[in-house]
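Below is one structure, written out as structure tokens; the observations come after it.
None of the figures in this text is laboratory data; all of them are computed from the coordinates on show. What you are looking at is a predicted structure, and each value in this text was computed from that prediction instead of being measured.
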């Protein structure tokens, strides 16, 4: 099914043959949903016009010509934590995902994310496809979205994961997404000392 060069490319990206769906002559459009249901990150199909590569995203983009979409795909499908942190000084709620909770929580304050250094975690849930849940939660909370510019590594950054809503609203959005989406979860934590309202 896969050539040696395709297997080598997959290895350099932290993927393997098990992450690839064989389109078997069908178009990417025809197999996209089937590949997604099986949890396949990529599809092997007809060669691309630029380099003759066969490995594509489920949306048909050649990942050998441009591997950038793989970063998003890996983050979206990773097992990790979807978390909520709150800043009292801003009165904002942040929804994010991470594979290293403790490091991420420390970094929020070190980087003064959104120009605040009082971020406090109040909720997290460990789930498959944590990045996808995070992005779906951002869409669900979009009417509360707020942005702030802050400096990270000497460069201005824009925070895009903050919401002017109570943490309970964000938590309910995440829980609903997890339940409706049938995502596999292994554990969760909620700060009982936090004033949930």
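What the table shows:
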{"read-out": "Nearest 10 degrees, 0 to 90: helix 101-110 Cα axis against the chain principal axis", "value": "60"}
{"read-out": "In degrees, nearest ten, helix 130-140 long axis to first principal axis of the chain (Cα)", "value": "60"}
{"read-out": "Using alpha-carbon coordinates, inclination of helix 28-37 to the longest axis of the chain, degrees", "value": "50"}
{"read-out": "Cα convex hull of region 80-197 - mean projected area over all directions, nm²", "value": "6.8"}
{"read-out": "Relative counts (whole %) of C-alpha pair distances in region 4-74, using bins that are 5 Å wide", "value": "3, 18, 32, 28, 15, 2"}
{"read-out": "Computed over region 44-96, Kirkwood Rh from alpha-carbon pairs, angstrom", "value": "13.8"}
